[in-house]
1. Averaging sequence separations of C-alpha pairs under 8 Å and six or more residues apart, then dividing by the length of segment 62-199, give the relative contact order as a whole percent.
2. For residue 24 and residue 161 in the same chain, what is the full-extension length gain: residue separation times 0.36 nm, less their Cα-Cα distance, in nm?
3. Keeping all protein chains in place, calculate the accessible area per residue for the chain (probe 1.4 angstrom), answer in Å².
4. For every helix of n ≥ 4 consecutive DSSP H residues, a contribution of -39,500 (n - 2.57) applies; sum these over the chain, divide by its total residues, and give [θ] at 222 nm rounded to the nearest 500 deg cm²/dmol.
5. For segment 108-197, state the average projected area of the convex hull of the C-alpha atoms over all orientations, rounded to one decimal in nm².
6. Quick one: which of 25/78; 70/189; 25/169; 25/74 span more than 29 angstrom between C-alpha atoms?
7. Among 111, 48, 146, determine the one that fluctuates most according to a GNM of the chain built with springs between C-alpha atoms less than 10 Å apart.
8. Dividing the convex hull volume of the alpha carbon atoms of segment 43-90 by its residue count, what do you get in Å³ per residue?
Amino acid sequence: MFNIAVLGSGRGSNFVALAEYIKTKDLPISIKVVISNIDGAPILRRASEFGINSRCIPHNKFTNRDDHEKEILKELTKYDLDLIVLAGYMRIIGGEFLSTFRNKIINIHPSLLPAFKGLNAQKQAFEYGVKVTGATVHLVTEELDSGSIIDQECVHILGTDSLETLTHKILQVEHTLLPRVVERLAEEKLQNEVNKGEN
Ligand code: GRF
């Protein structure tokens, strides 16, 4: 099994796309826990609907980021995790959290990085007037939206697009891109284990 955790702050549509993909394809991937920093975030309810363990660890109950992350780490280290997926997790990750899971945390971002980092990436792209934008899955590092790119998919901005239609088109692309990346990472890891076993 390839064990993952998902962290999110809101709606959770990427989590749902991932959980459905794993279920439909009956992949050897197990979502061990879903964690949110926001009380009542829809992603927590969506996790329960899939029968997946969920935890709310609100950042505003802690006086600093380190203490909040330590509490998240306490939860994450209960599982033998291969990957942590940030799916709409609106907090910067640092310190011990990052060093404990270095190269094992990925994020989905709604632009073709390195263009349009940070918040409202779809709006940034729309207002800039680029003709092509998209979605990126990348490794999480200290610097926001700057870790190695794992995969990307593009979306064309047509003259008829509004910010709303563009945001929708990008989200649709995210919903297939993220599950495909997770599947590939799981395949690579599980294949490595098989190879090691053969030596
Ligand atoms: C997505 O657009 C993702 O790219 C960004 O936050 C949004 C999360 O949406 N990081 P959802 O919670 O997965 O629906």
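1. Values: 172 pairs, mean separation 25.8, N = 138.
Result for segment 62-199 is 19 percent.
2. Working: separation 137, 0.36 × 137 = 49.32 nm, distance 3.20 nm.
Going from the current span to full extension adds 46.1 nm.
3. Details: 10130 Å² over 199 residues.
Solvent-accessible surface per residue comes out at 51 Å².
4. On the way: 6 runs with 83 residues, N = 199.
That comes out to -13500 deg cm²/dmol.
5. Its average projected convex-hull area is 6.3 nm².
6. Check vs 29 Å cut-off fails for 25/74.
7. 48
8. Cα-based convex hull of segment 43-90, divided per residue, equals 95 Å³.
The values are calculated or read from the model by the stated rules, or taken from the named source; none is laboratory data. All values derive from a computational prediction rather than experimental measurement. All Cβ positions, even for glycine, are placed from backbone atoms using ideal geometry, and neighbour counts span all protein chains on display. Note: accessible area is taken over every heavy atom of the protein model, side chains too, but ligands, DNA and RNA are not part of it. Shrake-Rupley method; radii C 1.70, N 1.55, O 1.52, S 1.80 Å.
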